[in-house]
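What follows is a set of notes on a single structure, which appears directly below.
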Amino acid sequence: MRMLRWFCGHTRRDRVRSETIRERVGVAPIEEKLTQHRLRWFGHVQRRPPEAPVRSGVLKRVDKVKRGRGRPKLTWDESVKRDFKDWDISEKLVLDRSA
């Protein structure tokens, strides 16, 4: 955001909202870009053969691990499932690179 503010000629003292600057420059929100990259990586992992190290290492979860108190940590696969639900995308779509 610092670079975008500089690009538009604003400083933090001008109190211009980040959304306004992003719209003016035409940059997507960072949450959307993170979701796109996470889903792109998920598609990459799913297209690999099952014996590939990246697939066996990323998708393998260790059960019977004692977790600490409080809310459980958000795992990578849970965030991917949430992204599928939020964007209304099926998991079969990841096998087609052109989609």
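Just so you know, all these numbers are worked out from the coordinates, no wet-lab data involved. All of these numbers come straight from a predicted model, not from anything done at the bench. Positions of Cβ are backbone-derived with ideal geometry, glycine not excepted, and every protein chain shown enters the neighbour counts.
For segment 1-49, evaluate the Debye formula with one uniform point scatterer on each Cα (no solvent term) and list log10 I(q)/I(0) at q = 0.20, 0.29, 0.32 Å⁻¹, rounded to two decimals.
-0.69, -1.02, -1.13
Near LYS66, which lysines are there with a Cα under 27 Å away, not counting those fewer than 8 places off in the same chain?
Partners found: LYS81.
Given the C-alpha centroids of segment 66-81 and segment 1-17, what is the distance between them in whole angstrom?
Cα centroid to Cα centroid, the span is 36 Å.
Given contacts defined as C-alpha pairs under 8 Å and at least six residues apart, what's the relative contact order of the chain, whole-number percent?
That works out to 25 percent.
Under a point-charge model restricted to the Cβ atoms of Lys and Arg (+1) and Asp and Glu (-1), what is the dipole moment magnitude of the chain relative to its Cα centre, in debye to the nearest 20?
Values: 27 positive and 14 negative charges, 128 e Å.
Charge dipole, the chain, about its Cα centre: 620 debye, nearest 20.
Taking Rh as the Kirkwood radius, which is the inverse of the mean 1/r over Cα pairs, what is the Rg/Rh value for the chain?
Working: Rg = 19.0 Å, Rh = 16.9 Å.
Radius of gyration over Kirkwood radius for the chain works out to 1.12.
Give a residue-ordered list of calculated ³J(HN,Hα) values for segment 88-93 (Karplus: 6.51 cos²θ - 1.76 cosθ + 1.60, θ = phi - 60°; whole Hz; x for Gly, Pro).
Each residue's phi maps through the Karplus curve to give 6, 10, 8, 6, 6, 5 Hz.
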